[in-house]
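Worksheet for the structure shown next.
The values are calculated or read from the model by the stated rules, or taken from the named source; none is laboratory data. Not measured: the values here are computed from a predicted model. Cβ sites come from the backbone with ideal geometry, for glycine too, and all protein chains shown count toward neighbours. To get the accessible areas, we keep the full protein, side chains included, count just its heavy atoms, and leave off ligands, DNA and RNA. Shrake-Rupley method; radii C 1.70, N 1.55, O 1.52, S 1.80 Å.
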Amino acid sequence: MPLSNAFKALPSALVLLTAVYGSTRLVSAGNQSNPPAEGKTQACPNDDSGLQLPAGFCATIFADGIGHARHMVAAPSGVLYVNTWSGKYYGNDAPPAGGFLVALQDKTGAGKADVTERFGETVQTGGAGGTGIGIYKGSIYAEINDRIVRYSLPSSSIVPGAAADTIVSGLPLGGDHPMHPFIINPEGLMYVDVATATNSCQLKNRTLKSPGADPCTELETRGGIWRYDANKTNQNFSPSDRYATGIRNGEGFAIDSSGRIFVTQHGRDQLHANWPDLYKPDQEATLPAEELLLLKPKGDYGWPECYDDPFVQKLVLAPEYGGDGKKIGVCADKIAPAAEFPAHWAPNAMVRYDQKQFPARYRDGVFIAFHGSWNRAPYAQGGYNVVFQPLTGDRGSGNSEIFAGGFAGALKSSTGTATD
């Protein structure tokens, strides 16, 4: 099946990619209302990343050991801001001491952060970290728990000195996907992903042959994109602010030159595990496709009734709603994706490239970071990479390419948990 868009925030290490073709660029897996700043060198004399990259590119490990990095954004000053997630979510460690938000600065141009400062909520103040982060009008916007907040940045420091203003609060938490990635367009409209609490809206989540709730009342407050005003404080989450629906987990956002918004989607899991009479074991690993979606007002992208079958390149009816792997049903009326990617690669973040340092073939499309799969057995796990997807109009144009691979190293575990 064709690849699709990918951009990546690493679990613990952040990587600086350098194009030898032109000035150094920070390639960041975050929301970018402003372009990243140029670096000082044109080469990577200390290429220590171990990544596989196209000819003309090299990489350095920019920062390591900062916690579970989710999304990041580069300020015009060159400072990189990262939102990190509590290690307790993964059940394997405690988060680093200090705030969950991290400012990283390379003062020497060596491709490595020599300044690291933390700020924001801590474990002691009740924080658990977050995913979404962005810059708008010189302020840092970040997700923390059930809120998106705004920090003003003083001219004399790379971290804020004052408390944050709350932009929106009351965002749903809990369940399979408690994160709230977002993007802010130049007009200040903030698009927020409120992902699903379940895999496929079953009456008993991730349970053998449990039917789907009909109607899926979860869609009242989850499974879509909400829109708010980034200039306005103290907004409250409301079902009435939904912008689009039927999106299981939209982690990555990008805005094109005409102002249109694209979002990635994590496809559902466990077709064979929960419906073994309908799906073969290998279909657990190959279905459904991950997706790139073009957001439309009041658009319905099909979850939980539909999933994307990349082999027929159509949305098909989910088994929880009477599907058998072939029926189309109500899915004929849902919005098809702009591009498809291999199953379970897990697109985590995305950015549109509109600069001129990279070769021309990278200028009309998006980079997407995949954080990698946990459930592609019996095949090897995959998706630990950054992929470039060219775009023409509202569709992917041609096959995408793996731009940076090797993030997982040589060993790819075939076990894991459903933590998109």
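Here is how the numbers come out for the structure above:
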quantity: Accessible area of K314 in the full protein assembly, 1.4 Å probe (Å², nearest 10); calculated: 120
quantity: Separation between Cα centres of region 339-410 and region 271-315, rounded to whole Å; calculated: 18
quantity: Distance histogram in 20 Å bins (all Cα pairs of the chain, percent per bin); calculated: 29, 60, 11, 0
quantity: Accessible surface ranking that places the most exposed of D48, D277 first, with a 1.4 angstrom probe; calculated: D277, D48
quantity: Using distinct alpha-carbon pairs, which all enter the 1/r mean, Kirkwood radius of region 258-359 in Å; calculated: 14.6
quantity: T392 accessible area, assembled protein chains, probe 1.4 Å, Å²; calculated: 90
quantity: Cα gyration tensor shape for region 248-289, rounded if a/c is under 1.5, else prolate or oblate; calculated: prolate
quantity: Rg/Rh for region 118-231, where both radii come from Cα atoms and Rh is the Kirkwood radius; calculated: 1.07
quantity: Radius, Kirkwood style, for region 271-313 when every pair of distinct Cα atoms is counted (Å); calculated: 11.9
quantity: Cα centroid separation - region 197-222 against region 106-143, whole Å; calculated: 35
quantity: Value of Rg to Rh for region 300-420 (Rh from inverse mean 1/r over Cα pairs, i.e. Kirkwood); calculated: 1.01
quantity: For the chain, calculated [θ]222 nm from helices alone, where every DSSP H run of n ≥ 4 adds -39500 (n - 2.57); calculated: -500 deg cm²/dmol
quantity: Mean accessible surface per residue for region 71-217, computed with a 1.4 Å probe while every protein chain stays in place, in Å²; calculated: 38
quantity: Computed over the chain: relative contact order in percent, which uses C-alpha pairs under 8 Å that are six or more apart; calculated: 16
quantity: Accessible surface ranking that places the most exposed of L219, L271 first, with a 1.4 angstrom probe; calculated: L219, L271
quantity: Three-way shape call for region 225-301 based on the alpha-carbon gyration tensor, with the a/c threshold at 1.5; calculated: prolate
quantity: Accessible heavy-atom area order of W226, W374, highest first, probe of 1.4 Å; calculated: W374, W226
quantity: With every protein chain in place, the chain: carbon and sulfur % of accessible area (1.4 Å); calculated: 51
quantity: Extreme residue, positive dipole direction of the chain, given options H344, W374, G299 (C-beta unit charges); calculated: G299
quantity: Estimated dipole of the chain in Debye, rounded to 20 [Cβ of Lys and Arg +1, of Asp and Glu -1, Cα centre]; calculated: 380
